[in-house]
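Colleague: Sharing a structure with you now.
Here, each number is a calculation from the coordinates, and none is a lab measurement. Note that the structure is a prediction, hence the values are computed from the model and not measured. Here Cβ is always computed from backbone atoms with ideal geometry, including for glycine, and neighbour counts include all displayed protein chains.
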Amino acid sequence: MTQLAKQFIKEMNQPVILQEHEVIVTISIGVSLMHEGESSVDDLIRQSNQAMLLAKKTGKNNYQFYTKELHEKITRKQQIEWALRNAIVQDEFSLVYQPQVDVVTDKITGMEALLRWNPAFGVVPPDEFIPIAEETGLILPIGEWVLREACRQIKKWEKQELPKVRVSVNVSARQFKDKQFTSKVKAIVEEEKVQPCDLEIEITESVMLDVEGASQLIQELKELGVKVAIDDFGTGYSSLNVMKNVEIDTLKMDKSMINDVSENGRMMSLLIAMIRLGKDLNTQVIIEGVETKEQKEFLKEYQVIAQGYFYSRPLPAGRLQQVWEKHGAVLGVTSE
């Protein structure tokens, strides 16, 4: 069957002349084999279709066999999708917070809110359920829940008279493209009675491939008073085009940048250049993935903000007391 699939792709790739134009066809093939007593014709069609969809995702002119492993992967995805639809109602989501600390003053300047999910069948990591939430559109109500919950936590910390910090919330490409996104942010900020400047919307460079659309939406958020951060800055090029049009509040450097500086002189030079670029643009610079004292000491010279396990792993708000005491202030009451 493998040879047959390869031959079929080869034959279909032969150029075809259509109205004096040469046309090349690409195909994706899904293959499902019938085993005695295991499958019906309907099952074969469904399985081969699922295999074909996977073949399309892995590139043009590809084929994919329906296997036990593929079956388990599809079943797992369906389980997660079904559970996600009830996760908010079942109160299965939670937020953890990772502090962002000024390397010079050693004080907390911000917190990044990170989504966690603990359904009945066990913890599911974000890199597994978020792509499924994006694909199904469930990321929209989930994203609203995250924004609202983060704003509520801002209010709790305010009532505890803790030092004023900015809370950043990651926003997916699907959310960012939602035409109602800005109005939803505005409504949540007003309903939860928080200062817009205490909330920061964090977007990745990949979200900004549509430069014009991204620039307009960022400008709308800025007009609300909400801060905007670019995550994984330096891993792409689209953010530079956006930054020509609007002011960005925070640039976050991916942890891969700091991981390699001790052994890679070119990476060190690149990181320093990017930090200086941020400073020249009057933008706060955050270095992610800071895990050692050596990394912290290296960054002191450049007066940046650091985030990483050297300071704290992401924790529920109610378990941040020691972090606040070391880098902020003493808690009088618990926040949860």
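Colleague: Considering all projection directions equally, how large on average is the shadow of the alpha-carbon convex hull of the range 2-66, in square nanometres?
Modeller: Projected area, direction-averaged: 5.2 nm².
Colleague: Follow-up. Could you put 327, 21 in order, starting from the residue whose Cβ has the fewest other Cβ atoms within 10 Å?
Modeller: 21, 327
Colleague: For residue 75 and residue 280 in the same chain, what is the full-extension length gain: residue separation times 0.36 nm, less their Cα-Cα distance, in nm?
Modeller: Taking residue 75 through residue 280 to full extension adds about 68.8 nm, to one decimal.
Colleague: Right, next: Taking 0.36 nm per residue of sequence separation and subtracting the Cα-Cα distance, how much length would be gained by fully extending the chain between residue 325 and residue 267, in nm to one decimal?
Modeller: That works out to 17.4 nm of additional length.
Colleague: Hey, fewest Cβ within 10 Å first, where do 97, 311 land in order?
Modeller: Ordered from fewest to most neighbouring Cβ atoms within 10 Å, 97, 311 come out as 311, 97.
Colleague: Going by how many other beta carbons lie within 10 Å of each one, how would you line up 256, 168, 32, fewest first?
Modeller: Listed from fewest to most nearby Cβ atoms, that is 256, 32, 168.
Colleague: Let me have the relative contact order for the chain, percent, based on Cα pairs under 8 Å that are six or more residues apart.
Modeller: Answer for the chain is 15 percent.
Colleague: For the range 242-324, go through all pairs of different Cα atoms, get the mean of 1/r, take its inverse, and jot down that Kirkwood value in Å.
Modeller: Over the range 242-324, the inverse of the mean reciprocal pair distance is 13.8 Å.
Colleague: Please compute the alpha carbon radius of gyration of the range 92-327, then divide it by the globular-protein estimate 2.2 N^0.38 Å. Two decimals is fine.
Modeller: 0.99
Colleague: Work out the FRET efficiency for residue 302 and residue 173 from their Cβ-Cβ distance, taking R0 = 22 Å, and round it to the nearest 0.05.
Modeller: My answer for the efficiency is 0.10.
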